[in-house]
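Colleague: First the structure, which I've put down as structure tokens, then a few questions once you've had a look.
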Amino acid sequence: MELTDILSEESVIACTGLKSKQDVLKALAERAAKVTGGDAAAILAALAEREELGSTGLGNGIAIPHGKFSGTARVTAVFARLDTPVEFEAVDDQPVDLLMMLLAPVGAGADHLKALARVARILRTEAIVDQLRAASDAQALYAILSRPIATTQAA
């Protein structure tokens, strides 16, 4: 699976002015609704339901909020880079500035897990994370995320 299988250029945003985890989840849900044609409130509810089980903040300023959503037929991703990190209850207690949200159809077990593993692997690559943090806009972010990743790092 390549990241471009689940992430489109329209799904990549550079966010400014977001102050809280709730603001971030709402922005991600709104972009996902635009991309999927789904309902933003329902997507936000799916993300919030998953966050209640435990934060999806992985550490190092990275989070992968995700949820199951009946309004999508395939796994869909939205990437956001925040201009100012926000508190996200991450495992290392550090604020988050890079987020890859994943939505999966209800019942999409294996595809959802493959996507989570792929995204986690990419966002654990220090060089990619540094490039994402240095990117100037959403187009530059997408260019970084859409490059093929070497097989030693691929899933």
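Colleague: How much length, in nm to one decimal, is gained on full extension between ASP92 and ARG74, taken as 0.36 nm per residue of separation minus their Cα-Cα distance?
Modeller: Gain on stretching ASP92 to ARG74: 3.3 nm.
Colleague: For a label point 7 Å from the Cα of ALA48 along Cα→C-beta, name the residues of the stretch 1-30 whose backbone N is under 11 Å from it.
Modeller: 22-23, 26
Colleague: Along its three principal axes, how long is the chain when you only count alpha carbons? Whole Å, largest extent first please.
Modeller: Reported extents, whole Å, longest axis first: 35, 34, 27.
Colleague: Shifting gears a bit: Per the Kirkwood treatment, what hydrodynamic radius in Å, one decimal, follows for the stretch 74-151 from the mean inverse distance over all distinct Cα pairs?
Modeller: Mean inverse Cα-Cα distance, inverted, gives 13.7 Å.
Colleague: Name the residue from ALA104, ILE62, THR125 whose Cα lies farthest towards the positive end of the charge dipole of the stretch 26-138, charges +1 on Cβ of Lys and Arg and -1 on Cβ of Asp and Glu.
Modeller: ALA104
Colleague: Before rounding to the nearest 500, sum -39500 (n - 2.57) across all DSSP H runs of length at least 4 in the chain and divide by the residue total; then give [θ] at 222 nm in deg cm²/dmol.
Modeller: About -13000 deg cm²/dmol.
Colleague: List the lysines whose Cα sits under 29 Å from the Cα of LYS19, skipping any in the same chain fewer than 8 residues away.
Modeller: Partners within reach: LYS34, LYS68.
Every read-out reported here was derived from the displayed coordinates using simple, explicitly stated rules and does not represent laboratory data. What you see is a predicted model, and the numbers here were worked out from it, not measured in a lab. FYI the Cβ positions are ideal-geometry reconstructions off the backbone, even for glycines, and counts take in every protein chain you see.
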